[in-house]
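Peer 1: Have a look at the structure that comes next, please.
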Amino acid sequence: MADFMGFPDWGPRFYAELEQHNTRDFWAAHKDRWERDVRDPMRALLAALEPEFGPAVIFRPYRDVRFSADKSPYKTHQGAIVGPAPGLGYYVALDADGLTVGGGFRTHSPAQTDQYRRAVDADDDGELPRIVGTLVDQGFALEGATLKTRPRGYPADHPRIELLRRKELMAVTNVGTPPWLATPAALDHVRGMWRQLRPLAEWIVARCAPA
């Protein structure tokens, strides 16, 4: 595989147009360049990160529209995740807004959310709140579905009630399209952000990965 050389500026522009023209004809007209300027750089980036973080799963560009009212055939981003199970670990994506980097988990079942909440409840030394607080101070935003009220079975005055209300927990930052995005230096930037996210990813994986 070729070395990672950055994400060409064409990628975000392509996704901005795809948001407006999400059709098979538009995709077919740009597929070859998408492979060269989006897919292949993403593969090269993840290959370079694999020795430290592990193998990645690169998301397919096609949407599953079987149960969706939105029949747009293509995803408007190219994402990938590194972790032991779907939705757990480190995340990176390219879309019309540029590069997004994150870590944590997107829940795939009520059982996984319940497993997460049991871990938060048992975190009496407050390790997860400290990890999350540090990431917020570093500029990451917390994302994920959240209840408006307390989850069943937990008191409203629980010391970690805000984390317990979450069904999933991701720390994410969108860095946009800085000049370094189109250069090999993007590898060092993503590596650095994943290192910042490592405490959260490791906490989540240790407690929420399937046995």
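Peer 1: How about residue 71: which lysines have a C-alpha closer than 21 Å to its C-alpha, ignoring those fewer than 8 places off in the same chain?
Peer 2: Those lysines meeting the cut-off are 31.
Peer 1: Taking the Cβ of residue 114 as the center, what net charge do the other residues with Cβ under 11 Å away carry, scoring Lys and Arg +1 and Asp and Glu -1?
Peer 2: Numbers: positive: 117, 118, 152, 167; negative: 121.
Value of the local net charge: +3.
Peer 1: Put a dot 7 Å past each Cα toward the Cβ at residue 47 and residue 158; how far apart are the dots in nm?
Peer 2: 4.5 nm
Peer 1: Summing +1 for each Lys or Arg and -1 for each Asp or Glu, what net charge is found among the other residues whose Cβ lies under 11 Å from the Cβ of residue 167? It would help to have the intermediate numbers written out before the result.
Peer 2: Working: positive: 106, 117, 165, 166; negative: 114, 168.
Within the 11 Å Cβ shell, the charges total +2.
Peer 1: What nm value, rounded to one decimal, do you get for the distance between residue 195 and residue 124 when each label is placed 7 Å out toward the C-beta?
Peer 2: For residue 195 paired with residue 124, the spin-label model returns 3.5 nm.
Peer 1: Largest first and to the nearest Å, give the Cα extent of the range 55-95 along each principal axis.
Peer 2: That gives 31, 20, 11 Å along the principal axes, largest extent first.
Peer 1: With runs of 4+ DSSP H residues as the only contributors, calculate the mean residue ellipticity of the chain at 222 nm using -39,500 (n - 2.57) per run, divided by the residue total and rounded to the nearest 500. Kindly include the intermediate steps, with their values, before the conclusion.
Peer 2: Numbers: 7 runs with 88 residues, N = 211.
-13000 deg cm²/dmol, from helical runs alone.
Peer 1: Hey, another quick one. Pulled fully out, how much extra length does the chain show between residue 36 and residue 174, if you take 0.36 nm times their separation in residues and subtract their Cα-Cα distance?
Peer 2: 47.4 nm
Peer 1: Could I have the simple spin-label model distance between residue 136 and residue 69, label points 7 Å from Cα toward Cβ, reported in nm to one decimal?
Peer 2: Spacing of the two 7 Å Cα→Cβ label points: 3.4 nm.
Peer 1: Normalise the Cα radius of gyration of the range 10-85 by 2.2 N^0.38 Å (N = residues in it) and let me know the number.
Peer 2: Numbers: Rg = 13.9 Å, N = 76, 2.2 N^0.38 = 11.4 Å.
Cα-based Rg divided by the globular estimate yields 1.22.
Peer 1: Moving to a separate point now. Could you state the orientation-averaged shadow area of the convex hull built on the Cα atoms of the range 116-211, in nm² to one decimal?
Peer 2: In nm², the orientation-averaged hull projection of the range 116-211 is 7.6.
Peer 1: Kindly identify the range 40-117 as rounded, prolate or oblate by the Cα gyration tensor criterion: order the square roots of the eigenvalues as a ≥ b ≥ c, call it rounded if a/c is under 1.5, otherwise compare a/b with b/c, prolate if a/b is larger, else oblate.
Peer 2: Numbers: a/c = 2.05, a/b = 1.04, b/c = 1.97.
Oblate shape, in that a/c is at least 1.5 and b/c is the bigger or equal ratio.
Computed from the coordinates by the stated procedures, all read-outs in this text should not be read as laboratory data. These numbers come from a predicted model, not from an experiment. Here the Cβ is made from the backbone with ideal geometry for all residues, glycine too, and neighbour counts use every protein chain on show.
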